[in-house]
1. Any lysines with Cα under 28 Å of the A:Lys132 Cα? List them, leaving off those in the same chain fewer than 8 positions away.
2. Going Cα to Cα from B:Lys39, which aspartates and glutamates come in below 17 Å? Please leave out same-chain ones fewer than 8 positions away.
3. Looking at segment A:19-64, which chymotrypsin sites (Phe, Trp or Tyr not before Pro) are in a loop (DSSP not H, G, I, E or B) and have at most 15 other Cβ atoms within 10 Å?
4. Kindly compute the accessible surface that chains B and A hide from a 1.4 Å probe when together, both sides summed, and give it to the nearest 100 Å².
5. Return the long-range amide H neighbours of B:His35 (sequence gap of 5 or more, or a different chain), with a cut-off of under 5 Å between placed amide H atoms.
6. Rounded, prolate or oblate: which fits the protein assembly as shown when a ≥ b ≥ c are the square roots of the eigenvalues of the alpha-carbon gyration tensor, with rounded for a/c under 1.5 and prolate only if a/b beats b/c?
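The values are calculated or read from the model by the stated rules, or taken from the named source; none is laboratory data. Keep in mind that what you see is a predicted model, and the values were worked out from it rather than measured. All Cβ positions, even for glycine, are placed from backbone atoms using ideal geometry, and neighbour counts span all protein chains on display. To get the accessible areas, we keep the full protein, side chains included, count just its heavy atoms, and leave off ligands, DNA and RNA. Shrake-Rupley method; radii C 1.70, N 1.55, O 1.52, S 1.80 Å.
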Amino acid sequence: MNSRILLTLIILSFIQSANAYENEFALKAGGSVAFSHLKYIDHSEDNAGGVGFNTNFGYRFKSFEFNLTSFTAFGEMEKLTYQIGGTRVDGEGSFNHASFGPTLRYYFDVRPNTKWQWYIALGPVWSINTFKLEDFSVQSGTYKKQYRYSYNSRGWMLTIGLEEALISKDLNPAYIELLIAYQTAYQVALLDNSDFKQVLTLESDSVRTNIYTTTVMINIGLMVF
Amino acid sequence: MRLISFLLIFCLSFTSLGFAAQNEAPEPERQVKWHYEYKDRSHTKLETWKHIGIVYGISWALYPLTQPTVFTEEGSFKKYGDNFGRVVFDRDTPFWNWLVHPISGSQLYLYYRANGYNRIDSMALSFISSTLFEFTIEIYTEPASVQDLYQTPVLGAIVGLGIENLSLWLLNTGHPVAKFIGHTINPMTLFGFFEGKVRTYPIIDGKGKTGVSFIYEF
């Protein structure tokens with residue numbers, strides 16, 4: 001009888017400590033809710049909210065996983081001041097944001113009596129943000145409704161999350177994570193989107209420290225395969 | 001009286017049997033000539049290189065054909081040299097980044113799936129094919145872009161998986177309209193290299209038992 005209990009315990013402990021996959025590629029994807037805080041020139045600030053999606057494609061070893069990570073968000077911005085060269089404009093409108101970067105993820109051991117596994121991931125991130133101003137006032141230079149304002153930024157991202165510890169990745173383990181990214185802009189551009197299919201870059205300028213973006217995202221998704 | 005009772009019971013049991021038979025009658029189904037599915041198998045290295053080569057050749061042919069204006073007006077071999085090895089963030093519209101590239105990535109994924117690669121291998125090979133396109137073909141007109149390098153295979157695989165499941169369901173209904181839509185969204189199922197097309201033969205043993213036999217052709 002005791003040996004049966006022992007055997008059951010051994011099997012259970014094996015299941016709990018087993019990873020859904022090891023030494024394999026995996027693709028994960030899900031939806032996101034994003035909150036961004038922007039600090040811009042003239043100390044103008046804005047909080048932006050949006051929704052989007054996140055993806056991770058990577059290779060998992062035993063406890064470590066190397067991923068190519070991306071997250072995207074679409075949402076609304078309130079009043080901020082934008083400047084590029086001699087063009088300066090106050091406005092509000094919509095934005096789209098796309099970030100990419102390599103991340104290294106570490107999975108902690110599965111705790112007894114739980115089905116979830118904690119993980120933490122860190123990596124550099126590069127992103128592009130494009131703003132379409134719906135309501136704006138031009139302070140200097142020329143700005144038209146079909147123009148877009150864009151900036152590229154770079155920084156770091158940190159993710160803390162929970163992933164279902166299942167015996168196989170065919171069961172599509174779910175995950176929920178909190179992602180925090182801090183980035184500074186390095187290039188701004190003024191774009192002309194008059195042609196639906198083609199974007200013209202009217203002006204491009206290098207910047208270093210005058211746009212700071214902090215993004216907090218809640219990502220929920222599953223292992224696709 | 002006994003006779004009437006017997007007849008009544010007989011008639012009731014007969015009609016109830018009839019109703020039961022009517023209820024148990026199978027739903028009418030369309031007879032399908034072909035069954036569609038995906039079969040994963042292992043491949044030799046030579047075979048994989050051959051597929052990468054085929055996709056690469058087709059990409060060279062399709063790029064000027066699908067975007068003739070961009071190719072002739074903006075493309076040049078000088079640009080090819082200038083763009084070689086460069087990677088930038090493109091500022092393309094969502095139409096390109098969120099629609100065209102994921103859809104073209106999905107077709108790459110479905111090409112490899114049709115040739116018997118499993119899902120993750122199909123995605124990895126799509127990665128290789130789209131990276132080759134970005135770094136050695138599209139640079140004739142513009143430098144390689146971060147968004148295209150990542151989104152074409154990754155979002156393409158996710159869209160491709162959805163198309164894969166939906167098209168199989170549509171194709172296996174046997175309905176001509178559903179089959180038309182299934183082939184349209186997943187045109188790889190039309191080609192001879194699609195390995196999951198199975199001929200079905202109905203089997204009737206003459207004792208009331210029926211079945212379907214699947215014959216794979218390689």
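1. Within the straight-line cut-off, A:Lys132 pairs with A:Lys39, A:Lys79, A:Lys144, A:Lys145, A:Lys197.
2. Straight-line reach from B:Lys39, under 17 Å: A:Asp170, B:Glu47, B:Asp121, B:Glu164, B:Glu195, B:Glu217.
3. Filter output for segment A:19-64: A:Phe61.
4. Counting both chains, the buried surface is close to 2300 Å².
5. Those qualifying (amide H under 5 Å, at least 5 residues apart or on another chain) are B:Val198, B:Arg199, B:Thr200.
6. Prolate, because a/c is 1.5 or more and a/b exceeds b/c.
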